[in-house]
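Colleague: Here it is, the structure in full.
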Amino acid sequence: MTSDLPVLIAAVSTLSALHLAFQARRVGWSRMKYKISPPTVTGPPEFERTFRAHQNSVEMYSIFLVVMWISGIFFNEVLAALGGLVYIVGREMYFIGYIHESKKRLPGFYLVLCALLFLTVMAAMGIIQSFLDKYLNIRLL
Amino acid sequence: MTSDLPVLIAAVSTLSALHLAFQARRVGWSRMKYKISPPTVTGPPEFERTFRAHQNSVEMYSIFLVVMWISGIFFNEVLAALGGLVYIVGREMYFIGYIHESKKRLPGFYLVLCALLFLTVMAAMGIIQSFLDKYLNIRLL
Amino acid sequence: MTSDLPVLIAAVSTLSALHLAFQARRVGWSRMKYKISPPTVTGPPEFERTFRAHQNSVEMYSIFLVVMWISGIFFNEVLAALGGLVYIVGREMYFIGYIHESKKRLPGFYLVLCALLFLTVMAAMGIIQSFLDKYLNIRLL
């Protein structure tokens, strides 16, 4: 029954969810280190960078899930899962870099953008192909 | 294989993801304009309104995706996709209005709420219909 | 057609989306009570706790959806839906507790973590089972 479900996309999604939870955990550790109790979200620069690094992941997470799932289902599951893994690596680079210095978030950020661009292009191609097939009966490839 | 997948919902989802990314991009442009480097999130009123306009979209984006996909799969794909397009238009009105003046975010906000209400009602009807069919063997319509 | 779709997961998702929207609504009411107009997000402690309680829900909402849907589709729909209901109860306890006092958010927070752990373990087991079946032709159970 589950044999045609996109298990690779599911695996990368679960991994990315755990990674996002781990970022939230590290914000909590930074709160303890600098003794900043919720609901305060301001404090020493390192805490604020850690807080914002996690927030940026939250802001982009739904975008990532949308384009990974759509490219995985409508275009190619293996490529979408690989794009998803690159995205997670980029997010970790972003997080670690940002904590050290604002500018050091940029290499990870560019890797994240590359992964999202790759997934978005595949999603768009999959949607066009599926739309032509379903509504106009035109089969590409 | 992909011919019974909800390609219209996938297309509107991808469009909405690009729109959310474009809002994030405009926050970045506002950062440049007012020379506000991350992780700072406070500054001149226009920057703060731009920042919050994007945040509000982030806060509501998952809610939107949930009700659009469920109404599209369980009720009617074309109506769900149309509701999704109205939502995106509302979000753009909200964003542009909010940048100019806090109160000007309201027309877009009400359009967003209308779209979400429309999608939620369809999702609820689709769920009830599917639940009755699956568990009680009752077929409405 | 819709009879093998995970309608229980869809129902709990829609409920959780409405609950998240209701939290946003209560932030709006807190704005009115303390006369804090957008885009301001600082003010009296009770307002700031209400604001952060909602933000925390937003931050974790996508994680919740990912593990509930994957555990529901790849492992067991009824258990995943129950885990989802526990998550929503935990979020409400978190929200109400946090508004009264920062420390009172903790019981709800632990319940939320238990629900997410439960869903994540089921998601992981479902993924492993499905992966072995699909790529290695090994059927567990």
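Nothing in this text is a laboratory measurement; each read-out follows from the coordinates by a stated rule. Remember, predicted model here, so these are calculated numbers, not experimental data. With ideal geometry, Cβ positions are generated from the backbone for all residues, glycine too; neighbour counts draw on all protein chains shown.
Colleague: For a footprinting-style exposure proxy, rank B:Thr14, B:Thr40, A:Thr42, C:Thr50 by other Cβ within 10 Å, fewest first.
Modeller: Ordered from fewest to most neighbouring Cβ atoms within 10 Å, B:Thr14, B:Thr40, A:Thr42, C:Thr50 come out as A:Thr42, B:Thr40, B:Thr14, C:Thr50.
Colleague: Sticking with this one: To the nearest 500 deg cm²/dmol, what mean residue ellipticity at 222 nm is calculated for chain B from DSSP H runs of n ≥ 4 alone, each contributing -39,500 (n - 2.57), summed and divided by the residues?
Modeller: It lands at -28500 deg cm²/dmol.
Colleague: Choose one answer from B:Val41, B:Val121, B:Val78: the residue with the largest mean-square fluctuation in a GNM of chain B with alpha-carbon springs under 10 Å.
Modeller: Result: B:Val41 has the largest fluctuation of those listed.
Colleague: Inside 10 Å of the C-beta atoms of B:68-78, what's the mean count of C-beta atoms belonging to other chains?
Modeller: Partner Cβ neighbours, averaged per residue: 2.
Colleague: Over chain C, consider all pairs of different Cα atoms and compute the Kirkwood hydrodynamic radius from their mean reciprocal separation; express it in Å, one decimal.
Modeller: When all Cα pairs of chain C are included, the Kirkwood radius is 16.4 Å.
Colleague: Let me ask something else about it. How far apart, in nm, are two points set 7 Å out from the Cα along the Cα-to-Cβ line at B:Cys114 and at B:Asn76?
Modeller: For the pair B:Cys114/B:Asn76, the computed spacing is 1.7 nm.
Colleague: Still on this model: How would you classify segment A:23-71 from its alpha-carbon gyration tensor, with a ≥ b ≥ c the square roots of the eigenvalues: rounded for a/c under 1.5, else prolate if a/b is greater than b/c, otherwise oblate?
Modeller: Verdict is prolate for segment A:23-71.
Colleague: Chain A: which residue's Cβ hugs the A-to-B rotation axis most tightly, distance rounded to whole Å?
Modeller: With distances in whole Å, chain A gives A:Ser62, 3.
Colleague: Relative contact order, percent, of segment A:1-104 when contacts are C-alpha pairs under 8 Å separated by at least 6 residues?
Modeller: The value is 35 percent.
Colleague: What are the distances, in nm and sorted shortest first, from the label point of B:Asn76 to the label points of the same position in each other copy, with each label point placed 7 Å from Cα along the Cα-to-Cβ direction?
Modeller: For B:Asn76, the inter-copy label distances come out at 3.8, 3.8 nm.
Colleague: Something else now. Where does the charge balance sit around B:Ala24 when Lys and Arg score +1, Asp and Glu -1, over other residues with C-beta under 12 Å from its C-beta?
Modeller: Spelling it out: positives minus negatives among the neighbours equals +2.
Colleague: Give me the aspartates and glutamates in straight-line cross-link reach of B:Lys35: C-alpha distance below 17 Å, same-chain residues under 8 apart excluded.
Modeller: B:Glu46, B:Glu48
Colleague: Can I ask one more? So which trypsin sites (Lys or Arg not before Pro) in segment A:1-95 end up in coil per DSSP with only 11 or fewer other C-beta atoms within 10 Å?
Modeller: Answer by residue number: A:Lys35.
Colleague: Let me ask something else about it. Give the order of B:Leu8, C:Leu119 when sorted by the count of other beta carbons within 10 angstrom, beginning with the fewest.
Modeller: Least crowded to most crowded, the residues run B:Leu8, C:Leu119.
Colleague: Also, I was wondering about something else. Taking the Cα atoms only, what angle lies between the long axis of helix B:45-74 and the longest principal axis of chain B, rounded to 10 degrees?
Modeller: 10
Colleague: With a ≥ b ≥ c taken as the square roots of the eigenvalues of the C-alpha gyration tensor of the protein assembly as shown, please select rounded if a/c is under 1.5 and otherwise prolate if a/b is larger than b/c or oblate if it is not?
Modeller: rounded
Colleague: May I ask you to evaluate 6.51 cos²θ - 1.76 cosθ + 1.60, the Karplus curve with θ = phi - 60°, for each residue of segment C:105-111 and list the ³J(HN,Hα) values in order in whole Hz, giving x for glycine and proline?
Modeller: Whole-Hz 3J(HN,Hα) from phi for segment C:105-111: 6, 5, x, x, 4, 5, 5.
Colleague: For the residue pair C:Leu85 and A:Tyr34, what label-to-label distance in nm results when each label sits 7 Å from Cα along the Cα-to-beta-carbon direction?
Modeller: Simple spin-label model gives 4.2 nm for this pair.
Colleague: Right, something else. For the pairs A:Lys104/C:Lys103; B:Lys103/C:Lys103; A:Lys33/A:Lys103, flag any whose C-alpha to C-alpha distance is greater than 26 Å.
Modeller: In this structure, A:Lys104/C:Lys103; B:Lys103/C:Lys103 exceed 26 Å between Cα atoms.
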